[in-house]
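**Student:** I am attaching a structure below and will ask some questions about it afterwards.
The values are calculated or read from the model by the stated rules, or taken from the named source; none is laboratory data. The shown structure was predicted, so the numbers you read here are calculated from the model rather than taken from an experiment. Cβ atoms come from the backbone with ideal geometry, glycine included; neighbour counts cover every protein chain shown. Surface accessibility is based on the protein's heavy atoms, side chains included, excluding ligands, DNA and RNA. Shrake-Rupley method; radii C 1.70, N 1.55, O 1.52, S 1.80 Å.
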Amino acid sequence: MRSTGHYPRLTKLHKISAAGLTAAGAAAVALAAIPGQASAAQAIDVKPVAWTAHAAGQDKGQEQLTGTATKAAEQAKADAAKAKADKDRAAQTASRSEERKPVKQAPAAPAKKAYSNDLDGWINEALDVMAANNIPGSYDGIKRNIMRESTGNPNAINDWDVNAAAGIPSKGLLQIIDPTFKAYHVDGTSWNIYDPVANIVASCNYAAKTYGSMDNVNSAY
């Protein structure tokens, strides 16, 4: 480049570059001329970044809290469902156990008292039946009258006295006639007039109503 004694000649490229620098310098000068503007620019540049980071942290924390609450609610729901299922299973088990529970058996009836099949056994059995039906009488009183009436023969029958003449002979251990036996028969004993126990009980029942007790009978009755 030659010097002509003036400033060097600027090319078109130089002019564009110079214009750019001039514009940039003007902008810098303008900003520097207004101090408040620089602070505002800094606030605009920094504050949104700091606020955004804080908000993001809150959102993340909120999401964590929400997620924790949701999980807790789901867990509580699952626990409640499990507790209900356990309760239902326990109830079903108890029900099945109750169904399997053996039915309580009624107490067995006491064994029937054994009596000998002879005069002594017949009188003792008759006395037990009489006691259950409030019919008075003693072993000695009964035996004494039996020995006088039939000598202990349960099949004895009188075919010669007035009752026999009337067609209703006296029968059995205590020589009782059929109408009297039927009238004073005691439930639970045989209806057979020759049955030793039934004969004794019916005769003692009749004697109790008529004489107060078989013990008071000392002759034909």
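**Student:** Looking for whichever is free of Cβ contacts under 8 Å to residues at least 60 places away in the same chain and touching a Gly at 6+ places or on another chain (Cβ under 6 Å) here; the options are Ile176, Ile193, Ile168. Which one fits?
**Tutor:** Exactly one residue qualifies, and that residue is Ile193.
**Student:** Return the residue satisfying two criteria in turn: it lies in region 147-179 and is of a type in the set (S, T, N, Q) and outside any helix (DSSP H, G or I), and of such residues it is nearest to Ile200 (Cα to Cα).
**Tutor:** Gln175
**Student:** Also, I was wondering about something else. Scan region 128-141 and tell me whether some residue there is hydroxyl-bearing (Ser, Thr, Tyr), in contact with a helix residue (DSSP H, G or I) (Cβ under 9 Å, 6 or more places away or on another chain), within 19 Å of Asn218 (Cα to Cα) and free of Cβ contacts under 8 Å to residues at least 60 places away in the same chain.
**Tutor:** Checked region 128-141: at least one residue is hydroxyl-bearing (Ser, Thr, Tyr), in contact with a helix residue (DSSP H, G or I) (Cβ under 9 Å, 6 or more places away or on another chain), within 19 Å of Asn218 (Cα to Cα) and free of Cβ contacts under 8 Å to residues at least 60 places away in the same chain.
Matching residues to (1) modelled with pLDDT under 95; (2) open to solvent by less than 20 Å² (accessible area, probe 1.4 Å):
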residue	(1), (2)
Trp160	yes, no
Ser170	no, yes
Gln175	no, no
Gly188	no, no
Tyr194	no, no
Tyr206	no, no
Ser213	no, yes
Ala220	yes, no
